[in-house]
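Structure first, commentary second.
The values are calculated or read from the model by the stated rules, or taken from the named source; none is laboratory data. Quantities reported herein were computed from a predicted structural model and do not represent experimental measurements. FYI the Cβ positions are ideal-geometry reconstructions off the backbone, even for glycines, and counts take in every protein chain you see. Just so you know, the surface numbers come from the protein's heavy atoms only, side chains and all, with ligands and any DNA or RNA stripped out. Shrake-Rupley method; radii C 1.70, N 1.55, O 1.52, S 1.80 Å.
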Amino acid sequence: MSNVRLWAADWDRVFGLAGRHIDPAARRIETTETHTEIEPRVMAVLISLARRQGETVRRQDIIDDVWSGAPGADQSLSNAISLLRNALGDSNPEHRLIQTVPKQGYRLDALVEREDSNAQPPTPPATAKKPPQKTGGGNLRRGAIAGAIAATVLLSGLIILDRANQPDKAAGLSDISTIEPQSIAVLPFVNMSSDSANDYFSDGLSEEILNALAQIDSLKVAARTDSFRLGRENASIEEISNRLKVANVLEGSVRRENDQLRVTAQLISAADGRHLWSSTYDRSADDILAIQQDIALNIADALVDKLSDSERNLVAKLPTNNLEAYNHFLIGNHHMRQWTIDGNRRAVAEFRAAVDADPKFAEAHVAMGRAYYFAGTLYGWMTPAEAIPKVKASLVQGISSPKPVTRAEALAVYGDVLTWSDRDWRGALTAYQRAYEISGYPTLGYALTNSIVGNHDAAIGILSKRIDDGDIDIGTKNNLAWALFNARKFEDALHEAEAVIKLDENFADAYRVHGRVQLMMGNTDAAIASFSRGDELMNHAPLMQSDLAVAYARAGREKDARAILSALETREGYVPAPLIAQIYGNLGDRDKAFSWLEKGIEDGARGVLFLKINPLYDSMRDDPRFAEILERLNLAA
């Protein structure tokens, strides 16, 4: 049976099913006595089956319909079927409405009755259109977690910095009819204040509006990273629409003078430049939370035909009622995005102050957990052993938050913790998958963990999907280069790395993957040149220094390799042990290499988790100690 995608009209057609009234738009299943509201993707599974009533529908066809064929959705389908049966009261295995056809799929054994004029089930139009809540060209709630977490993890084990230049300008506007009409990019509001220090305030306003809109299942919200970057490049509305695949753009400005605010906002249709809604607020600065709430509700009403009560409540719900806590939270986010050690330290302090002022401020707890995570993995002013317990403690409120965006973000960070600290691969993949189900957007951590355990096709698939769905962040493309390198697809990895360097010749980590590919292809001179350029851009960070030393060792320049090795061993501050181990390994000193790997395991260093896939350790794989370490890391399979 050919694959038939879901389309928008499905969600507007109520139908009857075995004495039940099914309202897809409201996501409700009703009887004369009860009503049950189900999650969007559970309803989407029911629609997929209802369109082929009486037929056996392959599991993969349903996954293609509901999850766009995303890797890892098999368990999600099983969960959705279980939830759907509960909602339908379909508990009798012998007379089930939804029958399981072993090794094939599912069959809906009930008549689907149209409740308008004809008792005929929906039939697909010639050109199918995806339903409003599908990911389509972008992704549900994408902005909230993509900018905050997902774009931070590189497949090399490094954290990606949000500082890249973007690809060449788009040649022209895509056919607007192909873009989901219920889609939006929220641009950074312009700080019109006399004091540039208020940038954090205007950014925070626009970001919280974005997060509020991301609660709506039927609305596709472009990622913060992408929309803010294009906004700051002063890209035209047409270009933003073309590159982010959105039909609408929200822009605005903030003027803050003493305790007074003037906020302007306008919602613009990309198709014709019309202002669909606009407003100006002259209020006290204490009203900032009410202003962002009002803007988000007005935008939602302008773009979405019918908000459910639960969605309206989520959009209207403020992250906190404590203005002191909220201000600390905004300042903390501002410091986090400086991507420096000092900025990270300040962010931790601000988030700590926010949760002290309001202990129930879930978003601040999650942000603090993320900041601690970076402190112990990227910046090194805390060891992983010190940082990870603080991360876990900070995520508790986020994981139980009623806000889907907050839960998804907390689960994504938790997935990172389970990967880097606990080495619980199954648990990590489950956390990432759950975050994906909630947000509709697979994080880079999800791809990374798949890569670490050797699921290379899944990792490459996740990253390719993000790019195909309109992710313009240069780090995602660089992550794809790493995934291809880890899969030992060196020619493809080289192509992607060179493409990243062409986009931004100062993107340091691209030189690292480029150098590693050259090294594995036997081009040691080219590898040394790439690592040297990256070393310059990274200001001689241990990460790049270590790879440069490995290249020297493989090129026969032992003296140069040992000079770097000696400097790293005596360097002040935290130098991850695997960076030293890989140098010793490539110098042929296995005993010291394994000694440093043991230290890395004790310290909880990230680099040891790449042993299974890192080609730089190939010379040591025949040693029984290597297999023993993989066993201890649960990576032997």
Which residue out of 418, 411 is within 22 Å of residue 224 (Cα to Cα) and either without any contact (Cβ under 8 Å) to a residue 24 or more places away in the chain or assigned to a helix (DSSP H, G or I) (or both)? 411
What pairs come out if I take residues in region 259-275 that are farther than 17 Å from residue 189 by Cα and pair them with residues that are β-branched (Val, Ile, Thr) and assigned to a loop (DSSP other than H, G, I, E, B) whose C-beta lies under 9 Å away, six or more apart or interchain? 270/179; 270/246; 271/179
Output for region 474-515, where each listed residue is open to solvent by 10 Å² or more (accessible area, probe 1.4 Å) and aliphatic (A, V, I, L, M): 480, 484, 487, 494, 499, 501, 503
With the condition kept exactly as written, say whether any residue in region 284-302 is among the acidic types (Asp, Glu) and either closer than 15 Å to residue 184 by Cβ or at pLDDT 85 or above (or both). yes
Whether any residue in region 57-72 is of a type in the set (Ser, Thr, Tyr) and either over 20 Å from residue 220 (Cα atoms) or not in a loop (DSSP other than H, G, I, E, B) (or both) is what I want to check. no
Quick check on my filter: what residues within region 461-473 are within 23 Å of residue 490 (Cβ to Cβ) and crowded, with 23+ Cβ neighbours inside 10 Å? 462, 463, 466
If I ask for residues that are open to solvent by 10 Å² or more (accessible area, probe 1.4 Å) and either under 17 Å from the mean Cα position of the chain (by Cα) or closer than 23 Å to residue 300 by Cβ (or both), which ones from region 186-200 would you list? 187, 188, 190
From the options 365, 334, residue that is open to solvent by 20 Å² or more (accessible area, probe 1.4 Å), outside any loop (DSSP other than H, G, I, E, B) and more than 26 Å from residue 261 (Cβ to Cβ): 365
Assess whether residue 534 counts as being buried (at least 19 other Cβ atoms within 10 Å of the Cβ), under 17 Å from residue 582 (Cβ atoms), of a type in the set (Gly, Ala, Ser) and modelled with pLDDT under 95. yes
Could you please find all residues in region 305-321 being open to solvent by less than 50 Å² (accessible area, probe 1.4 Å), of a type outside the set (Val, Ile, Thr) and closer than 20 Å to residue 287 by Cα? 314, 316, 318, 319
Selection from region 337-354 of residues that are aliphatic (A, V, I, L, M), over 18 Å from residue 383 (Cα atoms) and crowded, with 23+ Cβ neighbours inside 10 Å: 354
Test result for residue 538, farther than 27 Å from residue 380 by Cα, of a type in the set (A, V, I, L, M) and out of contact with any Ser or Thr (no Cβ under 9 Å at 6 or more places or on another chain): no
With the first residue restricted to region 437-451 and required to be in a helix (DSSP H, G or I), and the second required to be charged (D, E, K, R) and surrounded by fewer than 24 Cβ atoms within 10 Å (Cβ to Cβ), Cβ contacts under 6 Å at 6 or more apart or on different chains are 438/407
For a quick check of your reading of the model, give me the residue pairs whose first member lies in region 196-219 and is in contact (Cβ under 8 Å) with a residue 40 or more places away in the chain, whose second is in a loop (DSSP other than H, G, I, E, B) and among the charged types (D, E, K, R), with beta-carbon atoms closer than 6 Å and at least 6 apart or on different chains. 214/141
Can you tell me which residue within region 80-109, out of those that are of a type in the set (Gly, Ala, Ser) and at pLDDT 80 or above, is farthest from residue 65 (Cα to Cα)? 89
